[in-house]
Amino acid sequence: MSTEQASVPPRTLGPLLSWAAWDWGSAAFNAVITTFVFTVYLTSGVAADEASGSSALANTIAIAGVLVALTAPVYGQRSDASGAEQGRQRRLGLLTAVIVVATALMFFVQGSPSYLLLGLVLLGIGTFAYELAQVEYNAMIYRLAPPGRTGWVSGVGWSAGYLGGIVLLIACLVLFIAPIGAITFPSPDLGPRVIALVCAGWFALFAIPVLVMRFPYPAPPGDGEAARVGWFGSYALLVRRLVELGRTDRNLLGFLVASAIYRDGLTAVFTFGGVLAAGTFGLSQTEVIFFAIAANVVSAVGAVVGGMLDDRIGPKRVIIVSLIALVIVAAALLPASGKSAFWIGGLFLSLFVGPAQACSRSYLARLVPPGREGEIFGLYATTGRAVSFLAPALFSLFITLFGEQRCGIAGIGIVLLVGLAALLPVRSVPGPVGAGAASTAAGV
């Protein structure tokens, strides 16, 4: 191969679209199932009442979070040990299959309190598998990002997820959701259950491209130290590395802790958004879907713009501005009432959630040592899930204390505010670097 041929940069558009297709497909679970349709169905159509259903939902998410916290970092470490790209794709495929099956089985959750436990268990299994799948998926960003474009690549992935949610929500609205739905069901609980089947098929279809694609940039060597120990030995290795991280890179550790807190709040905004829309602000199921479509459009725009700003001014500034805006809007929504107030406040929340999510992932991508992507992103998932009980627990606690669903908004706002305070002392990343830059430095 000539020097001129070797200097030609690899083609990244095709692999990027294949990678982003998984985000597009995953919207079936993290938007339609866990945010705007199935969780709303569980709390308003299956549970005995909305307050107790919301509390049970929050507890389920918290339990799934604990399981992820105990598993994700070691899982990521074991993933890094192989150093094989195909192995990462196979594991992502297996975890995606678990999510798809759990989603399909939600069809059997009928509109009766006796089915609430089944619905919650399936949701918990899907959530657990989704968080581990994110470890594999996020680590792939290193094989995709050209030099200095990590923020943009991350933003494209997030926006693809939002756009996929828009298309699927419109399809569900037009086909299945009364009074617009073209298909009439003999019982009101059948619509959400059929939607679960559609979501399973949607996710399965759009997960295929990332599982068969070839990465433009090669994987760094595997984690040799992790490869020499077994699963239980990985926990001891993890503890040693965390202690070392506390000594040598407190900035990375500080970011992991801060992002764990505020990302829990970001997740809660969408997890409980549909529940609050129906229970507190009086939106019908059809109106909730209309709002979901609009919210995904706004979030997609926010994610793309946030990713572009990330590469220009750095991720920390984008995250801080987003969190400040989220706290202000949450405080304004707490005493508000009526559908118009929710539409205005909810869309403003959606505008700033996307940038905070996309920039958090790209911030971490700049900090991870080559060959330890899975482990660090596993820690990213774990630190997030280690405190993932915060927003659901405070959401549930405020509902229990004050007897109103709307009071749960205060719990979410508090988590966002604490996360913002924890992020402020974290040092900004000095420049836009990523996998492409690392690969270039390695002579790729």
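The values are calculated or read from the model by the stated rules, or taken from the named source; none is laboratory data. None of the values given here were measured: they were computed from a predicted structure. Using ideal geometry, Cβ is built from the backbone for each residue, glycine included, and neighbour counts are taken over all protein chains shown. The protein model used for the area step is the full one, side chains on, heavy atoms only, and it has no ligands, DNA or RNA in it. Shrake-Rupley method; radii C 1.70, N 1.55, O 1.52, S 1.80 Å.
Would you mind pulling out the separation of the Cα centroids of the stretch 386-424 and the stretch 86-160, in Å?
Comparing the Cα centres of the stretch 386-424 and the stretch 86-160, I get a distance of 24 Å.
Quick one, can you get me the convex hull of the C-alpha atoms of the stretch 191-337 expressed as volume per residue in Å³?
220
On a 1.4 Å probe surface of the protein chains, which of Lys316, Lys339 comes out largest in accessible area, and what is the full order?
Of Lys316, Lys339, the descending order of accessible area is Lys339, Lys316.
Full extension from Leu67 to Leu13: what is 0.36 nm times the residue separation minus their Cα-Cα distance, to one decimal in nm?
Fully extending the segment from Leu67 to Leu13 adds 15.9 nm.
In nm, to one decimal, how far is the modelled label at Leu347 from the one at Leu401, with both set 7 Å along Cα→Cβ?
Taking the simple label geometry, Leu347 and Leu401 are separated by 3.3 nm.
Do the sum for the chain: with -39,500 (n - 2.57) for every DSSP H run of n ≥ 4, divided by all residues, what is the mean residue ellipticity at 222 nm, to the nearest 500 deg cm²/dmol?
-25000 deg cm²/dmol
Using the basic label-point model (7 angstrom from Cα toward the beta carbon), what is the Ser187 to Arg240 distance in nanometres?
Label at Ser187, label at Arg240, 5.7 nm between them.
Where in the chain are the helices, taken as whole DSSP H runs, whose Cα atoms extend 20 angstrom or more along the long axis and whose Kyte-Doolittle mean reaches at least -0.5?
Helix filter hits for the chain: 13-27, 50-82, 85-105, 116-139, 150-176, 190-212, 231-248, 250-271, 285-313, 315-333, 339-367, 408-423.
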